[in-house]
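The values are calculated or read from the model by the stated rules, or taken from the named source; none is laboratory data. Please read these numbers as outputs of a predicted model, since none were measured by experiment. Note that we place each Cβ from the backbone using ideal geometry, even for glycine, and neighbour counts take in every protein chain shown. Surface accessibility is based on the protein's heavy atoms, side chains included, excluding ligands, DNA and RNA. Shrake-Rupley method; radii C 1.70, N 1.55, O 1.52, S 1.80 Å.
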Amino acid sequence: MTQTIKVAITGAAGKMGQEAVRMVTSTPHFQLVAAIDRENDGKLLSEIEGMPSVDVKMYNDLHRAFTEQDVDVLIDLTNPLVGRKHMEIAFEHGVRPVVGTTGFNEKDVEELSRIAEEKNLGAIIAPNFAIGAILMMKFSQMAARYLPDVEIIEMHHDKKMDAPSGTAVKTAQMISEVREPKQQGNPEEKEELQGAKGAEFDGMRIHSVRLPGLVAHQEVLFGGIGQTLTIRHDSIDRTSFMPGIRLAVETVMKLDLLVYGLENIIE
Ligand SMILES: NC(=O)C1=CN([C@@H]2O[C@H](COP(=O)(O)OP(=O)(O)OC[C@H]3O[C@@H](n4cnc5c(N)ncnc54)[C@H](OP(=O)(O)O)[C@@H]3O)[C@@H](O)[C@H]2O)C=CC1
Ligand SMILES: O=C(O)C1=N[C@H](C(=O)O)C[C@H](O)C1
């Protein structure tokens, strides 16, 4: 028989959080036991417009949620300022975090990995939970072995707090693992308007576009002699991220260390 996994969600009232609430409450072997957001402390989820009619208690304090409820996994979908704190609180309470929040730097990931190891607790941080985005990153890594001149263009809705996106950074990191070190473009080029060339990552460039109407999109452009290659992924709806989050919640229960990137659990 499949074990029921008890889940809490931070950022439950946000765009991703609401989608995650729907996913968790409609997954038979998951049980939503707490929803955390700053506004609705003490209410039930069923009292909030647009939320499923489940009697799950809402909290504005994660420590209190973990003290009152028995929680196996925390799904964090907040922002980089509080996401790390939420992970630390989860570790303190012996809860395994599954984190979609982006904006963590390499030092954050290293330090959080150390805590997970000390506590012997599984954790997953995935900058993108959509399978198509994982394939885009993997195909880009494959292409970069042969075409080392790369520009990444990520495009998101205009409410996004971090730039570049977590996906763009992860893509650049994965490409860097295989790409011959190279400073792209003309070494004598002058940037006449600051920022025109985008952000620099190991000699590659990342450009962030923010517009209403967009959800989450990325193109990875490769240039070679007499040819270009474009690899593109579009999330046109936030449901695209939910199968990946579901898989991460199931997988984190079997881990005793931190895994960074969904590609490392879908092999
Ligand atoms: N890994 C992936 O596949 C994906 C990751 N993301 C990432 O998920 C995160 C959330 O995105 P999105 O849902 O669009 O953002 P929203 O702004 O819609 O939601 C953010 C949530 O975080 C909560 N929050 C903000 N500050 C605090 C705080 N100080 N304490 C507690 N909660 C807080 C907000 O709560 P309140 O209502 O109280 O303000 C809100 O519910 C982002 O980092 C985004 O990049 C997004 C899509 C996919
Ligand atoms: O904020 C978003 O919306 C998204 N954030 C993630 C990121 O920064 O890469 C994942 C996806 O692109 C949507």
**Report entry** Local electrostatic count, Met142, Cβ distance below 13 Å [Lys/Arg +1, Asp/Glu -1]
**Finding:** +1
Requested in this report: Report the label-to-label distance for Asn60 and Thr2 in nanometres (one decimal), using points 7 Å from each Cα along the Cα→Cβ vector.
Outcome: 3.6 nm
**Report entry** Peptides 123-131, 79-87, 37-45, 245-253 ordered by average Cβ neighbours within 10 Å, highest first
**Finding:** 123-131, 245-253, 79-87, 37-45
Report summary line: Here, the chain modelled as identical Cα point scatterers in vacuum has Debye log10 I(q)/I(0) at q = 0.09, 0.12 Å⁻¹ of -0.44, -0.74
Requested in this report: Round to a whole angstrom and tell me the spacing of the C-alpha centers of the stretch 167-205 and the stretch 8-50.
Outcome: 39 Å
**Report entry** Angle in degrees between helix 242-252 and the longest Cα principal axis of the chain, rounded to the nearest 10
**Finding:** 70 degrees
Query - Loop GluC sites (Glu not before Pro), the stretch 153-201 (other Cβ atoms within 10 Å of the site Cβ: 16 or fewer; DSSP) - result: Glu177, Glu188, Glu189, Glu191, Glu192
**Report entry** Whole-angstrom gap from the stretch 101-138 to the stretch 219-266, using each part's C-alpha centre
**Finding:** 12 Å
Query - 3J(HN,Hα) from dihedral phi, the stretch 47-64, Karplus parametrisation 6.51/-1.76/1.60, rounded to Hz, x for glycine, proline - result: 7, 9, 4, x, 8, x, 7, 10, 8, 9, 6, 9, 10, 10, 9, 5, 4, 5
Report summary line: Relative contact order in percent for the stretch 131-236 (Cα pairs under 8 Å, 6+ apart) equals 40 percent
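Do you know the relative contact order of the chain, to the nearest whole percent, from alpha carbon pairs under 8 angstrom that are 6+ apart?
20 percent
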Query raised in the report: Can you give the extra length, in nm with one decimal, that the chain gains between Asn186 and Asp41 once fully stretched, where that is 0.36 nm per residue apart less the Cα-Cα distance?
Result: 46.6 nm
Report task. Find the accessible area per residue for the stretch 131-236; the probe is 1.4 Å, ligands and nucleic acids are left out, and the unit is Å². Result -> 57 Å²
Report summary line: Ranked output for segments 109-115, 132-138, 144-150 by mean other Cβ atoms within 10 Å, highest leading, reads 132-138, 144-150, 109-115
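For the peptides 64-71, 28-35, what is the packing order when you average, over each peptide's residues, the other Cβ atoms within 10 Å and list the highest mean first?
28-35, 64-71
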Query raised in the report: Hey, any idea what % of the chain's accessible area is carbon plus sulfur with a 1.4 Å probe?
Result: 50 percent
Query - For Ala123, distant residues with modelled amide H under 5 Å away - result: Leu257, Leu258, Val259
